[in-house]
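S.K.: There's a structure below that I have some questions on.
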Amino acid sequence: RGNADIAVLRIDGTNNLGESGKDPECNKDSLHTLHFTLGGVVEDVRATLKWAKNNPYVEPTSIVLMSISIASVAIRHLLAQPEGADVALWVSYMGAPEAVESIRNFSGHVDLDAPFRGGHRLGVVSLGGSLVDADRFFADMHAQKVAYLDVAREEIARVKSDVVWVCGSADAYIDPGRVEQLMSVPAPGRREITVVEGGHIPRTGGEALRQFVDITERVWALTHGGELGTFWPSVGRLAVKSEAEWKSVRRKGIEDRAAWWKRYLLDNEGGGFDLLELAPEYTELMDLTTRRCLEGGAQTVLELGAGTGNLTRRLLESGVRVRASDIVPEAIEALRAKCAAHGDRLEARVLDLEGRPLIALRRFGAGDLLNPHSLSDRIPGVARPLLDEILQHQGEDLVATLRGFEVDFEGLVRRWRLSPKAKALLTDLHLAAKVATGRVPAAQARTKLAALSPEVLDAGGLDEAANSVDAVAMSLVLSYLAEPDDLLFEIYRVLKPGGRLVLSSLVRDAESSRLFLGIVARLETCPDEELPHWVHSKSDLDRGARRRQLIDATRRFADQGGELLRLEEEGLFKFYDGPELAQRVARRGFVDIRVEASFGTPPQAVIVTCRKP
């Protein structure tokens, strides 16, 4: 607007996913951040500042640095050096005021610095869900002399830039008192602390935009001395850009999904997912989900993705029958043990809820998948050129063939003049569609396939009969399926008319800092009589040792939670806000949709209740 260039440099970290300059051992899933150091951030930003002042594209009248979280420690250190004079404004977003105390919060109240200074090797540790070579990190941190708050106060006194420090009202990782101590130091530039609603990470696109529109207005005011005026970026445009960026680095999937979820749900030393029972926020979510499941007067509830049975137990205690399932056999064993007192009303089984080729064919046969080209994405072995050869013959005969109805098959092949390979593919698709719609048994069809693998006929979906289920409960599950609409299709099929579906999802960028630190604090301070009975009943250890064991388990579980959120950010999982989830079930045909927020303040999950008409 002023016909001048402003360089805004955003620093989230270094040695991370998508960067081209990482060490070879860091180019593996989950190991991208292995060599992350604060000194690495300093060197990257120093090089970028040098480029900003000497490049053929822009001549910035102002340079603005925006740092995120722990990277703020490195930026403060850099700005205290002579080259820091080139920066007009530093925006520290959810920034760590100093290294050691913030790392202690990230790691669940574990002091990693003391054993390192005592000569112990730490190896690879998880900091906020990212795996880091701790010995390399702490050695660099002490070499940079950025570990403690007294040093931070000395350095910020030399920072000439204006500084805006953005804190989250629900951010349990960053101590606002220590930010105030840092920002109160007399210094050449202006100092401002602003508090926004939310935690360490924005939970929704709307929340993020509100925060960053405000930050952009502050950048303009501080660099130009005036008001920028009202503006609002397009969420859709940003989403398209984000998807394009992630597409280049996204992993294809989790190779052994059952093993991954076993690691998330269970812990050999006790704890695992059950540790959430120590969080009032989780109890709130489970209790509300239970009430919604029972409102319709259901006598039997089909629970999908039941995990270790926390919701199952509540449902059984209310008097209904429950048919529970999960992909992890060991989780089902834990569920049965937890619910043993109600075993006469419980049926538990191992079940993978992920979509299968037969469900895709079943959906196509029901008119739910309107584009037959989608079959090439859903059915292994369906080559797109051969499918295109078949699909050029549009019409009722083609639709009937792909839906498994009886047709004059040989007559169609002669009339369409299909190549031998296209004929073989169409023959197999016709046969598989008959299996999907129940017209031919899978065992009978397996030996007749020519172009497709017999695995295409593996059973998938729910084995309950159509219109047979009173209610379906699915807590924090839909987000983790590659084909969520397959499962919603199956749920709609098996529910009775009027049957109720209750499902929930974490919100996007769910913020878990307060949740896990709250569990650790409860284990550290809560009297024995106020802890659940299972905390001590499952161990021969004395009570103090058992608490320490569970605190360590909580930290491991928090690391797993960080990995889960990272997979969501990469696009393997998808969390939903309320309107999105409501729209998804509405497209499926459900009615009387109710959306509620739950799981803490601010809410970290949404619950959707709806019914089949």
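The values are calculated or read from the model by the stated rules, or taken from the named source; none is laboratory data. Since we're looking at a predicted model, the values are computed, not measured. No Cβ is skipped: glycine too gets one built from the backbone with ideal geometry, and neighbour counts run over all protein chains shown. For the accessible areas, the whole protein counts, side chains as well, though only heavy atoms, and no ligand, DNA or RNA atoms are used. Shrake-Rupley method; radii C 1.70, N 1.55, O 1.52, S 1.80 Å.
S.K.: From Lys241, Lys262, Lys252, grab the single residue that is in contact (Cβ under 8 Å) with a residue 24 or more places away in the chain and open to solvent by 50 Å² or more (accessible area, probe 1.4 Å).
M.R.: Lys262
S.K.: If you take the residues of the range 519-558 that are open to solvent by less than 70 Å² (accessible area, probe 1.4 Å) and in a loop (DSSP other than H, G, I, E, B), which of them is nearest to Ala482 (Cα to Cα)?
M.R.: Restricting to residues being open to solvent by less than 70 Å² (accessible area, probe 1.4 Å) and in a loop (DSSP other than H, G, I, E, B), the top hit is Pro532.
S.K.: Here's a check for you: in the range 359-373, which residue that is over 28 Å from the mean Cα position of the chain (by Cα) and in a helix (DSSP H, G or I) is nearest to Arg493 (Cα to Cα)?
M.R.: Checked the range 359-373; the qualifying residue nearest to Arg493 (Cα to Cα) is Arg362.
S.K.: Continuing with this model, one more query. May I ask you to verify whether Leu449 is closer than 18 Å to Leu387 by Cβ, touching a Ser or Thr at 6+ places or on another chain (Cβ under 9 Å) and surrounded by 14 or more Cβ atoms within 10 Å (Cβ to Cβ)?
M.R.: The answer is yes for Leu449.
S.K.: With the structure loaded, tell me whether Ser126 is polar (S, T, N, Q), under 26 Å from the mean Cα position of the chain (by Cα) and modelled with pLDDT under 95 or whether it fails that test.
M.R.: The answer is yes for Ser126.
S.K.: Of the residues in the range 495-504, how many are open to solvent by less than 30 Å² (accessible area, probe 1.4 Å) and either modelled with pLDDT under 95 or not hydrophobic (A, V, I, L, M, F, W, C) (or both)?
M.R.: The total comes to 2.
S.K.: Follow-up question, since we're still on this one. Considering each of Leu222, Leu228, Leu238 in turn, give the residue that is farther than 30 Å from Ala85 by Cβ and aliphatic (A, V, I, L, M).
M.R.: Leu238 is the lone residue from the list that is farther than 30 Å from Ala85 by Cβ and aliphatic (A, V, I, L, M).
S.K.: Just to be sure, is Ser62 over 27 Å from Gln181 (Cβ atoms), among the hydroxyl-bearing types (Ser, Thr, Tyr) and open to solvent by less than 40 Å² (accessible area, probe 1.4 Å)?
M.R.: yes
S.K.: Quick check on my filter: what residues within the range 559-588 are in contact with a Phe, Trp or Tyr (Cβ under 6 Å, 6 or more places away or on another chain) and in a loop (DSSP other than H, G, I, E, B)?
M.R.: Gly571, Phe573
S.K.: Tell me the residue from Asp352, Asp344 that is acidic (Asp, Glu), farther than 30 Å from Arg403 by Cβ and either in a strand (DSSP E or B) or modelled with pLDDT of 90 or more (or both), please. Steps first, please.
M.R.: Working: Asp352 fails: farther than 30 Å from Arg403 by Cβ.
Among Asp352, Asp344, only Asp344 is acidic (Asp, Glu), farther than 30 Å from Arg403 by Cβ and either in a strand (DSSP E or B) or modelled with pLDDT of 90 or more (or both).
S.K.: Check whether at least one residue in the range 230-251 is over 23 Å from the mean Cα position of the chain (by Cα) and modelled with pLDDT under 80, and report yes or no.
M.R.: yes
S.K.: Quickly run through the range 2-45 and pick out the residues that are open to solvent by 80 Å² or more (accessible area, probe 1.4 Å), more than 27 Å from Val124 (Cα to Cα) and touching a helix residue (DSSP H, G or I) at 6+ places or on another chain (Cβ under 8 Å).
M.R.: Val8
S.K.: For residues that are out of contact with any strand residue (DSSP E or B) (no Cβ under 7 Å at 6 or more places or on another chain) and open to solvent by 60 Å² or more (accessible area, probe 1.4 Å), scanning just the range 217-233, find the one that is nearest to Glu354 (Cα to Cα).
M.R.: Result: Trp232.
S.K.: Please count how many residues of the range 16-28 are polar (S, T, N, Q) and modelled with pLDDT under 75. Steps first, answer last, please.
M.R.: Step one: of the range 16-28, the residues polar (S, T, N, Q) are 16, 20, 27.
From what is left, the residues that are modelled with pLDDT under 75 are 20.
Matching residues across the range 16-28 total 1.
S.K.: A further question on this structure: Is it the case, given these coordinates, that His109 is surrounded by fewer than 18 Cβ atoms within 10 Å (Cβ to Cβ) and either hydroxyl-bearing (Ser, Thr, Tyr) or within 23 Å of Arg522 (Cα to Cα) (or both)? Lay out the reasoning, then the answer.
M.R.: Values: surrounded by fewer than 18 Cβ atoms within 10 Å (Cβ to Cβ): yes; either hydroxyl-bearing (Ser, Thr, Tyr) or within 23 Å of Arg522 (Cα to Cα) (or both): yes.
Spelling it out, His109 is indeed surrounded by fewer than 18 Cβ atoms within 10 Å (Cβ to Cβ) and either hydroxyl-bearing (Ser, Thr, Tyr) or within 23 Å of Arg522 (Cα to Cα) (or both).
S.K.: Next up: Does Thr289 satisfy the condition of being in contact with a strand residue (DSSP E or B) (Cβ under 8 Å, 6 or more places away or on another chain), open to solvent by less than 10 Å² (accessible area, probe 1.4 Å) and among the β-branched types (Val, Ile, Thr)?
M.R.: So Thr289 fits the description; yes.
S.K.: For the range 590-603, give me each residue that is in contact with a Ser or Thr (Cβ under 7 Å, 6 or more places away or on another chain) and modelled with pLDDT under 95.
M.R.: none
S.K.: Would you be able to tell me the number of residues in the range 78-105 that are part of a helix (DSSP H, G or I) and open to solvent by less than 30 Å² (accessible area, probe 1.4 Å)?
M.R.: So the answer is 8.
S.K.: Just to be sure, is Arg594 assigned to a helix (DSSP H, G or I), out of contact with any Cys (no Cβ under 6 Å at 6 or more places or on another chain) and of a type in the set (Lys, Arg)?
M.R.: When the stated conditions are applied, Arg594 does not pass them.
S.K.: For the range 115-192, which helices (runs of 4 or more DSSP H) that fit wholly inside it have 3 or more residues that are open to solvent by 60 Å² or more (accessible area, probe 1.4 Å) and within 23 Å of Val91 (Cβ to Cβ)?
M.R.: Helices (runs of 4 or more DSSP H) meeting the threshold: 176-183.
S.K.: Then there's this: If you scan the range 327-337, which residues turn out to be without any contact (Cβ under 8 Å) to a residue 40 or more places away in the chain and open to solvent by less than 10 Å² (accessible area, probe 1.4 Å)?
M.R.: Ile332, Leu335
S.K.: Turning to a different aspect of this structure: Where in the range 204-271 are the helices (runs of 4 or more DSSP H), entirely inside, with at least 2 residues that are of a type in the set (Val, Ile, Thr)?
M.R.: Fully inside the range 204-271 and qualifying: 205-224, 235-247.
S.K.: Run Val507 past the list (1) more than 21 Å from Arg349 (Cβ to Cβ); (2) touching a residue at least 40 places away in the same chain (Cβ under 8 Å); (3) open to solvent by 20 Å² or more (accessible area, probe 1.4 Å) and report the number of the one that doesn't hold.
M.R.: So Val507 meets the others, but not (3).
S.K.: Consider the range 466-518. How many of its residues are of a type in the set (A, V, I, L, M), assigned to a helix (DSSP H, G or I) and closer than 26 Å to Ala258 by Cβ?
M.R.: 6
S.K.: Show the residue pairs that are 6+ apart or on different chains and have beta-carbon atoms under 6 Å apart, the first residue being within the range 274-288 and within 18 Å of Pro602 (Cα to Cα), the second being modelled with pLDDT of 90 or more and of a type in the set (Phe, Trp, Tyr).
M.R.: Correct list of pairs: Leu276/Tyr282; Glu281/Phe599; Leu285/Phe599.
S.K.: Out of Val413, Val399, I need the residue that is open to solvent by 40 Å² or more (accessible area, probe 1.4 Å), assigned to a helix (DSSP H, G or I) and under 27 Å from Ala443 (Cα atoms). Which one?
M.R.: After applying the criteria, what remains is Val399.
S.K.: Test Thr427 against the criterion of being at pLDDT below 90, crowded, with 16+ Cβ neighbours inside 10 Å and either part of a helix (DSSP H, G or I) or touching a Leu at 6+ places or on another chain (Cβ under 7 Å) (or both), and give yes or no.
M.R.: Numbers: at pLDDT below 90: no; crowded, with 16+ Cβ neighbours inside 10 Å: yes; either part of a helix (DSSP H, G or I) or touching a Leu at 6+ places or on another chain (Cβ under 7 Å) (or both): yes.
In short, no.
Matching residues to (1) touching a Gly at 6+ places or on another chain (Cβ under 7 Å); (2) more than 29 Å from Leu127 (Cα to Cα):
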{"residue": "Glu563", "(1), (2)": "yes, no"}
{"residue": "Phe573", "(1), (2)": "no, no"}
{"residue": "Glu580", "(1), (2)": "no, yes"}
{"residue": "Gly600", "(1), (2)": "no, no"}
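S.K.: Only residues that are out of contact with any Asp or Glu (no Cβ under 8 Å at 6 or more places or on another chain) and in contact (Cβ under 8 Å) with a residue 60 or more places away in the chain: list them for the range 298-312, please.
M.R.: First pass over the range 298-312, keeping only residues out of contact with any Asp or Glu (no Cβ under 8 Å at 6 or more places or on another chain): 303-304, 309.
Passing the criteria: Glu303, Leu304.
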